[in-house]
Structures are given as C-alpha cells and as structure tokens.
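The values are calculated or read from the model by the stated rules, or taken from the named source; none is laboratory data. As the structure is a prediction and not an experimental result, all values here were calculated from the model. Glycine also receives a Cβ, built like all others from the backbone with ideal geometry; neighbour counts cover every protein chain displayed.
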Amino acid sequence: MADLINRYDKNIWADRLRRYMLMGKNVIISVKGIQTSDNHDTNRLELVTEGKYYKKGDAYFVTYKESEVTGMEGTTTTVKVTDGMVTLMRFGSVNSQFIFQQGQKHVSYYDTTYGSFTIGVLASEVNIKVDDNGGEIQVGYQLEIDNQKSGENDFHMFIREVGHTNDKFSRECNSAN
C-alpha cells in the first residue's frame, strides 16, 4: 500500500512539474557544491544549466533537468524556497526530497535504480536571498545515509534571468579561474 501511495504522490508531483515547466522565467542556474567526507576527502562540483524560475503563493521555485554530468540524467530537480526553508526535490531516475531548515534534522527516502535508503539532513546554515528576479541560496548541512554520518556538504546556487548578468557570480567565477 505504501508503495502505491508513493507512486501516486510522485505522479501528482511529476504532473505539477510539467505544468510549471511551461510557466516561469527562463533562468541560468549556477550551482557550486562541496562534499567533505569524514576522512576529510573533498569533492567539488560546479554546474551551470538552464531552467525555469517562478513564484507560487509565498514560495519561489527553480526547476531544471539533470544531465549525465551529475550522474542523474533523466531526473528533474526542483528547489522550493520559502521563508527559512529550502526543499530540494528530484523526480525521474532518482527520486528524493531533502528539506534544509537551519538547526532541524529531516529524514526522507532516496530512491535510485540501484535501491532505496534513508537520508538524514541536518542543516547548519541556510541563507536565502531571492526575489522575483532570482537570487542566491546557500546551504551547509550534514548528511546521514541509513543513520551513518556521511560527511559535511555545502551548496551555493545562483539564479539569474537569461540575458541578465549577475555581477557577484561573474566575479566569483573569474576569481576562481
């Protein structure tokens, strides 16, 4: 029964995503991620992609399709931003929902083609600076996989409308090169 409910919920969200992908502003999404394992190995990821950005009620949404670069080809990622909370949802070859709320631990399932497991997310930092034109989101968090600490993670997302420059992001990219 739970599996049937999960499939029903996923179908509803997938339907909503398709409708909202037709709306909204075309944006450039720049994501920088850093993963640090318990033994201090560091993995960095930088991604620049196109997506959609829109507001519904009091929440902002940014949606984009993953690619083979991230290892999640066939997955659509949606980030929902509300006051003090960021929810990252993925549907497709990977299905998950991470909730980032400073000082709070949230547990959810992470479904992949290789199997499912539980993910615990404890956000130590959630900084949100978005408005109708885009903005940035910065999150620092600890990750647990099946109740085992997996390390520290940070991600920084910049959202800007296609055709507009984001001077802060441009400076950061240029200084990194």
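Need the failing condition index for SER93 against (1) over 22 Å from GLY140 (Cβ atoms); (2) of a type in the set (Ser, Thr, Tyr); (3) in a strand (DSSP E or B), just the number.
Unmet condition: (3).
Test each condition in (1) out of contact with any Ser or Thr (no Cβ under 6 Å at 6 or more places or on another chain); (2) of a type in the set (S, T, N, Q); (3) surrounded by 13 or more Cβ atoms within 10 Å (Cβ to Cβ); (4) free of Cβ contacts under 8 Å to residues at least 40 places away in the same chain for THR75 and report the one that comes out false.
(1)
Return yes when ILE34 is within 28 Å of LEU143 (Cα to Cα) and either at pLDDT 90 or above or assigned to a strand (DSSP E or B) (or both) and no when it is not.
yes
Looking for whichever is buried (at least 18 other Cβ atoms within 10 Å of the Cβ), under 18 Å from GLY151 (Cα atoms) and either touching a residue at least 12 places away in the same chain (Cβ under 8 Å) or among the small types (Gly, Ala, Ser) (or both) here; the options are PHE117, PHE91, PHE98. Which one fits?
So the residue among PHE117, PHE91, PHE98 that is buried (at least 18 other Cβ atoms within 10 Å of the Cβ), under 18 Å from GLY151 (Cα atoms) and either touching a residue at least 12 places away in the same chain (Cβ under 8 Å) or among the small types (Gly, Ala, Ser) (or both) is PHE98.
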